[in-house]
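Report on one structure; see the data block that follows.
The values are calculated or read from the model by the stated rules, or taken from the named source; none is laboratory data. Predicted model, so just to flag it, every value in this text is computed and none were measured. We place every Cβ from the backbone using ideal geometry, glycine too, and count neighbours over all the protein chains shown.
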Amino acid sequence: MNAVARPPVPGSMSNAAYEQRLRDAVMDAAALLNARLLPVSVRSAALNRALAAGLPQLRDDLWRYADLRFLASAALAPVAPDAPGLLSAAIDPLLPPRLSGFTRLVFANGRLYEPGSDASDALDLALPPLVPERTRHERFGWLNDAFATGVARLKVNAPMRVEVVFAATPGAVRQAVYPRLEVQLSPDTQLVLVERHVGTTGSEGTINAAVQVFAGAGSQVNHLRWQALDADAQLLDTVQLAMDRDARYELVQLQLGARSARTSLRASLFGAGAAFSLHGVALAQGRRTLDHSLLVDHLASRTQSTQVLRAIAGDHAHIACRSRVEIGQAAPGSLSAQSLKGLLGNAGAEIDLRPQLEIHTDDVKASHGATTGALEENMRFYLLSRGVDAATARALLEWAFLEDALAGVAPPELRAAAENAAASALGSDVARQLVVPA
Amino acid sequence: MSTPILSIQDLHVKVGEREVLRGINLELPAGQVHAIMGPNGSGKSSLSHVLAGKPGYTVTRGSVNYKGTDLLALPAEERARAGLFLGFQYPVEIPGVNNAYLLRAALNAGRRQRSEPEIDAFDFLTLVKERMALMKMDESFLSRGVNEGFSGGEKKRNEILQMLVLQPQLAVLDETDSGLDIDALKVVATGINSLRSPERAILLVTHYQRLLDHVTPDAVHVLAGGRIVKSGGAELARELEQRGYDWLLEAA
């Protein structure tokens with residue numbers, strides 16, 4: 001690991017300049033900030049918090065490896081939607097085939113896109129908005145609260161399968177897009193959620209996504225987040241999950257695209273017996289930077305969290321993951337396990353994995369580990385000694401490495417979807433052949 | 001005697017600065033099984049690794065001729081495709097890559113080399129299941145990760161299964177008998193014996209004589225200090241079992 005901290009934003013960008021850019025963005029977008037989606041009081045409070053927080057400082061451990069240089073020049077304001085014909089011509093080709101049995105919701109440049117979306121009784125803008133408490137860890141989530149131009153607000157009262165596609169295109173005018181998903185699960189219900197990020201707003205735009213899910217007591221969520229943005233996309237991504245008593249939340253997160261992507265994720269296990277698992281895969285080539293900051297808060301007794309993250313970086317790419325687990329005083333009998341592993345394709349790539357664990361109570365089982373290295377030579381030789389060529393051996397071993405994070409994913413169709421996505425991103429036929437069918 | 005499948009001449013090998021093989025000479029004719037025996041640290045595993053092309057070994061002198069070609073000039077994967085098989089002393093676990101996939105990839109790599117078409121899925125399964133029955137392995141094994149969670153005995157059986165599917169012309173089995181109980185030893189021996197044929201040759205690298213009770217070698221070579229210090233027939237193995245290696249080391 002060559003851990004050289006670099007400034008998230010170049011020195012030319014001062015907090016004052018950032019503040020001015022935000023104020024300008026509000027002026028530019030004022031007419032678009034619909035109070036029906038989020039009340040003005042929420043928007044202005046969030047903007048004030050964002051202004052007060054400013055940019056991350058150079059030594060801020062929460063932001064150390066995020067590449068935010070684009071904030072100095074890329075658009076921060078949402079713009080009026082393109083004409084319908086123009087928009088659909090750009091968006092429709094981006095939409096992946098439908099998942100059968102799923103209700104589909106499509107966002108085009110931050111707004112719900114009706115031509116691609118299904119009607120659903122679960123969608124209801126009259127519901128109280130889900131605006132979680134955010135901190136500096138989630139500082140760009142405040143921008144979403146302030147600038148959201150489209151919201152999918154879902155109340156899940158009965159078992160449901162939902163596919164949300166966040167699609168983005170550069171559009172006629174350079175722009176920031178602010179897609180937003182809010183989900184509330186009633187007690188004892190189930191949700192299978194597939195969330196996909198496709199397209200790009202280009203190097204002059206930003207994508208700022210916010211996802212918040214409240215899982216009621218005894219509910220179960222199987223959530224696949226699948227970021228497959230184009231290679232020039234710039235993503236700020238804020239995810240906040242809250243779990244009531246005995247809720248089970250299984251999150252699969254694939255970071256497979258973008259130029260720069262930063263995910264700030266918080267899982268709050270506030271109900272006794274709540275369980276959270278993360279199966280994470282991050283792949284980066286070229287000059288891609290993928291930064292993850294994960295916070296898992298154990299706030300009640302007998303809560304459980306497991307995290308398995310596998311990252312592969314090649315070329316001059318950089319992957320970082322800071323994963324902090326806090327087990328509070330009110331969380332005796334809790335379990336936590338973290339396994340973060342990185343695989344470096346060559347000397348120019350960088351992976352920084354930082355598991356952190358803080359325990360404030362007794363009777364806790366917690367483990368954490370992080371390793372980064374090259375392909376294991378013994379495994380490679382074993383395959384070569386069977387006549388497998390070097391390129392295939394590498395593909396097999398990279399697949400085996402990632403598969404460690406995906407093997408336990410349920411239900412089977414989610415696992416197959418995640419494995420297919422990872423295999424495609426690896427770009428190897430070998431991996432595609434190894435995907436276990438649903 | 002026909003042309004040997006394997007001919008090793010004055011082979012010197014270093015690992016780093018340490019010389020691990022110091023002038024090996026060996027002729028292995030088609031149709032024969034030779035055993036390489038010797039105490040720990042004598043260079044047995046080094047010899048197996050060098051033949052299979054494992055990185056980290058530097059040949060400083062000598063030659064290895066395999067079926068008329070310079071074996072040392074080939075990378076590991078080409079040696080395998082040319083019909084050389086190494087049975088590992090410590091087979092590697094590769095979770096995420098299933099046994100069926102690896103077997104088929106390995107089989108097809110060899111077939112492509114020989115300009116044969118790839119095996120179809122049905123023929124492949126028929127072949128593998130037949131060999132698995134011989135090795136007394138459960139069919140569920142095929143969908144498991146390569147050696148993942150296998151016991152020591154299962155790993156060794158898997159090595160022999162791979163060998164039986166690939167049908168190599170030269171099999172080098174590195175301490176395949178270590179860690180096996182008597183039943184597993186018999187199964188493994190049955191597998192090895194089933195491969196014996198006039199076209200093939202087998203090099204059995206072993207510390208103990210007990211595998212040789214079940215697979216009778218045509219010749220036994222004792223390796224010590226990186227050299228072959230004595231060669232003989234099957235009876236030499238029994239003598240070693242009774243007398244140990246010390247008398248040879250003193251003589252050498």
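Being modelled with pLDDT of 95 or more, in contact with a Gly (Cβ under 8 Å, 6 or more places away or on another chain) and in a strand (DSSP E or B) is a condition met by no residue of region A:216-223. Tell me, please, whether a residue that is in a helix (DSSP H, G or I), more than 9 Å from chain A (Cβ to nearest Cβ) and surrounded by 17 or more Cβ atoms within 10 Å (Cβ to Cβ) can be found in region B:92-103. Scanning region B:92-103, I find at least one residue that is in a helix (DSSP H, G or I), more than 9 Å from chain A (Cβ to nearest Cβ) and surrounded by 17 or more Cβ atoms within 10 Å (Cβ to Cβ), so the answer is yes. Within region A:349-405, the set of residues being more than 7 Å from chain B (Cβ to nearest Cβ), under 22 Å from B:N108 (Cα atoms) and out of contact with any helix residue (DSSP H, G or I) (no Cβ under 8 Å at 6 or more places or on another chain) comprises A:A391 only.
Residues are listed down the side, and each one gets a yes or a no for (1) assigned to a loop (DSSP other than H, G, I, E, B); (2) surrounded by fewer than 19 Cβ atoms within 10 Å (Cβ to Cβ):
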position: B:A109; (1), (2): no, no
position: B:E118; (1), (2): yes, yes
position: B:K129; (1), (2): no, yes
position: B:A133; (1), (2): no, yes
position: B:M137; (1), (2): yes, no
position: B:L161; (1), (2): no, no
position: B:A184; (1), (2): no, no
position: B:A189; (1), (2): no, no
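Say whether the condition of being among the hydrophobic types (A, V, I, L, M, F, W, C), farther than 11 Å from B:V172 by Cβ and touching a residue at least 24 places away in the same chain (Cβ under 8 Å) is met by at least one residue in region B:50-67. Within region B:50-67, one or more residues are among the hydrophobic types (A, V, I, L, M, F, W, C), farther than 11 Å from B:V172 by Cβ and touching a residue at least 24 places away in the same chain (Cβ under 8 Å). Out of B:S140, B:S48, B:S115, B:S42, one residue alone is more than 12 Å from chain A (Cβ to nearest Cβ) and under 30 Å from B:D10 (Cα atoms). It is B:S42. Under the condition of being more than 8 Å from chain A (Cβ to nearest Cβ) and in contact (Cβ under 8 Å) with a residue 12 or more places away in the chain, the residues counted in region B:68-77 number 5. Scanning region A:130-187 for residues that are in a loop (DSSP other than H, G, I, E, B) and within 18 Å of A:R49 (Cβ to Cβ) yields A:L130, A:V131, A:P132, A:E133, A:R134, A:T135, A:A148, A:Y178. If I filter region A:323-346 for residues that are modelled with pLDDT under 95 and not hydrophobic (A, V, I, L, M, F, W, C), do I get at least one hit? Scanning region A:323-346 turns up at least one residue that is modelled with pLDDT under 95 and not hydrophobic (A, V, I, L, M, F, W, C).
For region A:208-220, how many residues are farther than 17 Å from A:L127 by Cβ and surrounded by fewer than 24 Cβ atoms within 10 Å (Cβ to Cβ)? Counting residues in region A:208-220 that are farther than 17 Å from A:L127 by Cβ and surrounded by fewer than 24 Cβ atoms within 10 Å (Cβ to Cβ) gives 3.
Taken together, the criteria exclude A:E204 from residues that are surrounded by fewer than 22 Cβ atoms within 10 Å (Cβ to Cβ), assigned to a strand (DSSP E or B) and touching a residue at least 12 places away in the same chain (Cβ under 8 Å).
For region B:214-233, name all the residues that are under 16 Å from B:Q32 (Cα atoms) and touching a residue at least 24 places away in the same chain (Cβ under 8 Å). Once the filter is applied, which keeps residues that are under 16 Å from B:Q32 (Cα atoms) and touching a residue at least 24 places away in the same chain (Cβ under 8 Å), region B:214-233 yields B:H214, B:V215, B:T216, B:P217, B:D218, B:A219, B:V220, B:H221.
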